[in-house]
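Participant: My questions all concern the structure below.
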Amino acid sequence: MNTIRDRRSRTAAALHRFSRTTTAMLLLVVVAGAVALEVASSGSFLEGPSVRVFLQYLATPILIGLAQMVALCVGQLNLAVGALGGFTACLTGVLMADHGVPAPVAVLVGLLTATAVGLVTGVVIVATQINGFIVTLATMTILLGAQYRLVGTRTVDGYSSTLRDLGTAAPLDVPLVFVTAIAAAVLLGAFMYRTVAGRRLLAAGGNPLAARLSGISTDRQIVAAHTLSGLLVGVAAVTAAASLPGVNRSVGGDWLLPSFAAPIIGGVALTGGSIAVFGTVLAAFVTRLIDAARAQFSLDPSWVNLLIGLVVLGTVAGGHLHQTRLARAATTPSPQPGGAR
């Protein structure tokens, strides 16, 4: 009997702690948003075709959010997420459409290219000791030029029908590209939480000095984080190329804000040392719900970016205020029992 009571008390305590987390709040927002859109659409939002389209275009926000999260976990920023994704998607499409490269080879080249760009970016940051903001900004500019050089003003759409079929396939109204994004999130979570390499990334981001004293090379972790971020952007680019009717120079142009919004709203600290895989996925759901609401109520697209930007700003400001309060509480001396004598 006591064992059962202990289990119940532990379960109740765990649920109480969870109810106060960012993840619980986001889960509530997702459910409430879905119900509101279902009511506003007269019951059509949760029908099969609508769910399929919603999830199909949710894959990219999830993947680019995870890519940015990996960079943030070591205290870095990756401003080249959108440019790298757009360049990789265009490269994959051009290889198939213009050069007749088989889809599996083109996809592999795209993934390796994105990963290599991430690796080079990390190496440049470590070798030059230039702030990652500047390096990724320069990388973004170079890749935008390369993307335009690849496709110019045209839209490349004559590539593999097999890849297109995979991009639009949705067994039981669940798109394969969405399943790919969720699988990437699960694998990333397992890597970060269950492997030594993942824990080293978190240690290097949380306290670089302590990590170095423990024998962890923070430079290697920065390179590893940008390499992994590049790989995730590559996956996002391939899924985008598979699900879009064609690729052009506009692909990736609107990825930067969502890539920051998902992890920041999901609870990832800008100072490094933390990740929130589930929170990032839920935050991507929230941003996608905002976009769906815009379409439902025929709002100007600029309102979406405005709202998401305000939410991100509010989240960062709230986190900073919370950290300030914790710091003050830690430095405030506790009163002595019985008063001073």
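Participant: Going by what's in this entry, would residue 84 be described as in contact with a Pro (Cβ under 9 Å, 6 or more places away or on another chain) and closer than 15 Å to residue 230 by Cβ?
Facilitator: Details: in contact with a Pro (Cβ under 9 Å, 6 or more places away or on another chain): no; closer than 15 Å to residue 230 by Cβ: yes.
No; evaluated as a whole, the condition is false for this residue.
Participant: I need the full set of residues from region 130-175 which are aliphatic (A, V, I, L, M) and open to solvent by less than 60 Å² (accessible area, probe 1.4 Å), in order please.
Facilitator: So the first thing to find is which residues in region 130-175 are aliphatic (A, V, I, L, M), and the list is 130, 134-135, 137-138, 140, 142-144, 146, 150-151, 156, 163, 166, 169-170, 172, 174.
Answer for region 130-175, where residues must be aliphatic (A, V, I, L, M) and open to solvent by less than 60 Å² (accessible area, probe 1.4 Å): 135, 138, 140, 143, 146, 150, 151, 156, 163, 169, 170, 174.
Participant: Can I ask one more? Looking at (1) within 24 Å of residue 312 (Cα to Cα); (2) modelled with pLDDT of 90 or more; (3) within 14 Å of the chain's Cα centre (by Cα); (4) open to solvent by 10 Å² or more (accessible area, probe 1.4 Å), find the lone condition where residue 183 falls short.
Facilitator: Result: residue 183 passes all but (1).
One line per residue, one yes/no per condition, for (1) outside any helix (DSSP H, G or I); (2) open to solvent by 40 Å² or more (accessible area, probe 1.4 Å); (3) in contact (Cβ under 8 Å) with a residue 24 or more places away in the chain; (4) not β-branched (Val, Ile, Thr):
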position	(1), (2), (3), (4)
251	yes, no, yes, no
259	no, no, yes, yes
263	no, no, yes, yes
274	yes, no, yes, yes
279	no, no, yes, yes
283	no, no, yes, yes
289	no, no, yes, yes
292	no, no, yes, yes
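Participant: Considering region 101-119 alone, what residues qualify as being in a helix (DSSP H, G or I), of a type outside the set (Gly, Ala, Ser) and more than 21 Å from the chain's Cα centre (by Cα)? Can you show your working first?
Facilitator: Here is the first cut: in region 101-119, the ones in a helix (DSSP H, G or I) are 103-119.
So of that shortlist, the ones also of a type outside the set (Gly, Ala, Ser) come out as 104-105, 107-109, 111-113, 115, 117, 119.
Answer for region 101-119, where residues must be in a helix (DSSP H, G or I), of a type outside the set (Gly, Ala, Ser) and more than 21 Å from the chain's Cα centre (by Cα): 104, 105, 108, 109.
For (1) open to solvent by 50 Å² or more (accessible area, probe 1.4 Å); (2) among the aliphatic types (A, V, I, L, M); (3) under 15 Å from the mean Cα position of the chain (by Cα), each residue gets a yes or a no:
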site: 34; (1), (2), (3): no, yes, no
site: 43; (1), (2), (3): no, no, no
site: 51; (1), (2), (3): no, yes, no
site: 60; (1), (2), (3): no, no, yes
site: 71; (1), (2), (3): no, yes, yes
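Participant: Based on this model, can you work out whether residue 246 counts as surrounded by 15 or more Cβ atoms within 10 Å (Cβ to Cβ) and farther than 30 Å from residue 125 by Cα?
Facilitator: Numbers: surrounded by 15 or more Cβ atoms within 10 Å (Cβ to Cβ): yes; farther than 30 Å from residue 125 by Cα: yes.
Answer is yes for this residue.
Participant: Under the condition of being closer than 12 Å to residue 264 by Cβ and loosely packed, with under 15 Cβ neighbours inside 10 Å, which residue from region 302-316 is modelled with the highest pLDDT?
Facilitator: From region 302-316, those closer than 12 Å to residue 264 by Cβ are 308-309, 311-316; that's our starting set.
Within this subset, residues satisfying the condition of being loosely packed, with under 15 Cβ neighbours inside 10 Å are 309, 313-314.
Values: 309: 82, 313: 79, 314: 78.
If we take residues in region 302-316 being closer than 12 Å to residue 264 by Cβ and loosely packed, with under 15 Cβ neighbours inside 10 Å, then 309 is modelled with the highest pLDDT.
Participant: What single numbered condition from (1) of a type in the set (Ser, Thr, Tyr); (2) under 30 Å from residue 53 (Cβ atoms); (3) part of a helix (DSSP H, G or I) fails to hold for residue 159?
Facilitator: All conditions are met except number (3).
Participant: Right, something else. Identify, from the list 65, 122, the residue that is under 16 Å from the mean Cα position of the chain (by Cα) and either buried (at least 24 other Cβ atoms within 10 Å of the Cβ) or not in a helix (DSSP H, G or I) (or both).
Facilitator: Working: 122 fails: under 16 Å from the mean Cα position of the chain (by Cα).
Within the list 65, 122, the selection yields 65.
Participant: Quickly run through region 1-43 and pick out the residues that are part of a helix (DSSP H, G or I), of a type in the set (Ser, Thr, Tyr) and either in contact with a Phe, Trp or Tyr (Cβ under 6 Å, 6 or more places away or on another chain) or in contact (Cβ under 8 Å) with a residue 60 or more places away in the chain (or both).
Facilitator: Listed by number, the residues that qualify are 22, 23.
Participant: Read through the list (1) of a type in the set (Gly, Ala, Ser); (2) more than 27 Å from residue 306 (Cβ to Cβ); (3) touching a residue at least 60 places away in the same chain (Cβ under 8 Å); (4) in a loop (DSSP other than H, G, I, E, B), then give the number of the only condition that residue 215 fails.
Facilitator: (3)
Participant: Can you tell me which of 193, 148 is assigned to a helix (DSSP H, G or I) and over 24 Å from the mean Cα position of the chain (by Cα)?
Facilitator: Working: 193 fails: over 24 Å from the mean Cα position of the chain (by Cα).
Within the list 193, 148, the selection yields 148.
Participant: Follow-up question, since we're still on this one. Scan region 233-249 for residues that are among the hydrophobic types (A, V, I, L, M, F, W, C) and outside any helix (DSSP H, G or I) and jot them down. Talk me through it step by step, then tell me what you get.
Facilitator: Of region 233-249, the ones among the hydrophobic types (A, V, I, L, M, F, W, C) are 233, 235-238, 240-242, 244, 247.
Listed by number, the residues that qualify are 244, 247.
Participant: Let me confirm something: among 127, 211, 116, which residue is open to solvent by 30 Å² or more (accessible area, probe 1.4 Å) and over 30 Å from residue 100 (Cα atoms)?
Facilitator: On the way: 211 fails: open to solvent by 30 Å² or more (accessible area, probe 1.4 Å); 116 fails: over 30 Å from residue 100 (Cα atoms).
From the options 127, 211, 116, the qualifying one is 127.
The values are calculated or read from the model by the stated rules, or taken from the named source; none is laboratory data. Keep in mind that what you see is a predicted model, and the values were worked out from it rather than measured. As a convention, Cβ positions derive from the backbone with ideal geometry for all residues, glycine included, and neighbour counts pool all protein chains shown. Ligands, DNA and RNA are excluded from the accessible area calculation, which covers all protein heavy atoms including side chains. Shrake-Rupley method; radii C 1.70, N 1.55, O 1.52, S 1.80 Å.
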